[in-house]
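Here the structure comes first, spelled out in structure tokens, and everything after it is commentary.
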Amino acid sequence: MGYITNINHSDAITHDVIVVGAGLAGSWAAMVASKQGVRDIGVLSKLHPLRSHSGAAQGGIAAALNNVRAVPGTGPEGPLEAVKAGTEPPDSWQLHMYDTIKGSDWLGDQDAIEIMVKEAPEIIYEYERMGCVFSRLEDGRIAQRRFGGHSVPRANYAADFTGHVLLHTIHEQALKQGVAFYSEWYCLDLIIEDNVCRGVVALDIMTGNLHLMRAKAVLFATGGYGRAWKITSNATANTGDGVAIAYNAGVPLMDMEFVQFHPTGLYGKGILMSEACRGEGGHLLNSEGERFMQRYAKDKMELAPRDLVSRSEQMEANAGRGIGPDKQGVLLDLRHLGAAKIMARLPQVHELALDFMG
């Protein structure tokens, strides 16, 4: 490693806490810390915070709210209905936990999963209290839809802009709490003294100036490294900088092989077609017009866990049943949903398909 020398130490920026990354994880952490009494928080983002990749999440955020259930006796694709007061709730944190562990092929950290599923409903309601514009049922409760690997509908959504509205909500709340954002500042390295992190070295992209930033605590929330793949729905910014910086500082890494593959994106483009497409009833078809998921996951069909659906698509392509110039794609069929449902529930998907595929 080379040494960075052209820094003015007398001009150091100081915060109690520095968060690197301004997506949902980083901005939420900054907001919570400020609410708990930390008054001096700085958040670095190499993008404008509202361009963070969290904003590209479309289909929903899971929590066992018990607002919606499948109509009894109609199977995994049947219509949904609002859960009426006094009826037995179809969902629970225990079922959410089971689905999550099963979907991880029993590799997930079960203690962490338990915390996540127990806290998820209150986090959704906290977003609601902060003004997040969720889609609603007729009685005003938050709407829910099916998602891959879920036994019951538990994805809470805002049409197909869910990450977008969550990110805007949390960013404005962090600003309200007085969090300082360094927009388009690039973290270059950690400052380590006596095996303790004392801050970061950052580059102001606009001016090219280097800055020493001191802090009592540094939190990394820099996202993944999906750009390692040729075609990906990950943003151009998802290059794994935070992972590399931590590794270079001697922080051990784990589970680096677990990069999520999304089953549906526009062919050859890397533009996400939300899981909501299948959650609302979309079908996956091979070149023979067959709903091939019945071969691989007869019970959950297109809403099997993402890794299983992704592998199934590849197996269809390998068997010569793919579509496109290189026969490596499949068809995502939404025609039977009808225009009204597509425009109400999947407006962004409709727009992206027109803009990028014609």
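The values are calculated or read from the model by the stated rules, or taken from the named source; none is laboratory data. Remember, predicted model here, so these are calculated numbers, not experimental data. Using ideal geometry, Cβ is built from the backbone for each residue, glycine included, and neighbour counts are taken over all protein chains shown. Accessible surface is based on the protein model in full, side chains and every heavy atom, while ligands, DNA and RNA are left aside. Shrake-Rupley method; radii C 1.70, N 1.55, O 1.52, S 1.80 Å.
Couple of notes before you dig in:
- For the residues Ala215, Ala235, the requirement of being open to solvent by less than 40 Å² (accessible area, probe 1.4 Å), part of a loop (DSSP other than H, G, I, E, B), of a type in the set (A, V, I, L, M, F, W, C) and touching a residue at least 24 places away in the same chain (Cβ under 8 Å) singles out Ala235.
- The residue pairs whose first member lies in the range 135-147 and is farther than 19 Å from Gly282 by Cα, whose second member is at pLDDT below 95 and open to solvent by 30 Å² or more (accessible area, probe 1.4 Å), and whose beta carbons are closer than 6 Å, counting only pairs six or more residues apart or on different chains, are Leu137/Ala82.
- Summed over the range 78-128, the residues that are part of a loop (DSSP other than H, G, I, E, B) and touching a helix residue (DSSP H, G or I) at 6+ places or on another chain (Cβ under 7 Å) give a count of 1.
- Only one entry of Ala62, Ala112, Ala120, Ala30 meets the criterion of being within 22 Å of Val259 (Cβ to Cβ), of a type in the set (A, V, I, L, M) and surrounded by 17 or more Cβ atoms within 10 Å (Cβ to Cβ), and that entry is Ala62.
- Those residues of the range 127-142 which are buried (at least 17 other Cβ atoms within 10 Å of the Cβ) and closer than 19 Å to Gln173 by Cβ, in sequence order: Tyr127, Cys132, Phe134, Ile142
- Filtering the range 272-288 to residues that are open to solvent by 40 Å² or more (accessible area, probe 1.4 Å) and either in contact with a helix residue (DSSP H, G or I) (Cβ under 9 Å, 6 or more places away or on another chain) or hydrophobic (A, V, I, L, M, F, W, C) (or both) leaves only Ser287.
- For the range 244-262, a residue qualifies if it is over 20 Å from Pro49 (Cβ atoms), open to solvent by less than 90 Å² (accessible area, probe 1.4 Å) and of a type outside the set (Gly, Ala, Ser), and the qualifying residues are Val251, Leu253, Asp255, Met256, Val259, His262.
- The number of residues in the range 63-77 being in contact with a strand residue (DSSP E or B) (Cβ under 9 Å, 6 or more places away or on another chain), farther than 25 Å from Gln294 by Cα and part of a loop (DSSP other than H, G, I, E, B) comes to 4.
- Picking from residues in the range 129-170 that are in a helix (DSSP H, G or I) and of a type in the set (A, V, I, L, M), the one that is nearest to Pro49 (Cα to Cα) is Leu167.
- Which listed residue is under 18 Å from Val17 (Cα atoms), small (Gly, Ala, Ser) and touching a His at 6+ places or on another chain (Cβ under 7 Å), from Ala202, Ala221, Ala174, Ala217: Ala202
- Among residues of the range 7-50, those that are over 15 Å from Ala237 (Cα atoms), of a type in the set (Gly, Ala, Ser), at pLDDT 95 or above and not in a helix (DSSP H, G or I), counted: 1
- Search result, residues across the range 218-232 that are in a strand (DSSP E or B) and crowded, with 20+ Cβ neighbours inside 10 Å: Val218, Phe220
- Among (1) open to solvent by 50 Å² or more (accessible area, probe 1.4 Å); (2) under 21 Å from Phe356 (Cβ atoms); (3) not aromatic (Phe, Trp, Tyr), the one test that Lys300 misses: (2)
- Answer from Glu257, Glu275, Glu316 - the residue that is of a type outside the set (Ser, Thr, Tyr), in contact with a His (Cβ under 9 Å, 6 or more places away or on another chain) and closer than 27 Å to Leu107 by Cα: Glu275
- Candidate set: the range 289-329, residues that are touching a strand residue (DSSP E or B) at 6+ places or on another chain (Cβ under 8 Å) and aliphatic (A, V, I, L, M); chosen: the one nearest to Ser274 (Cα to Cα): Val309
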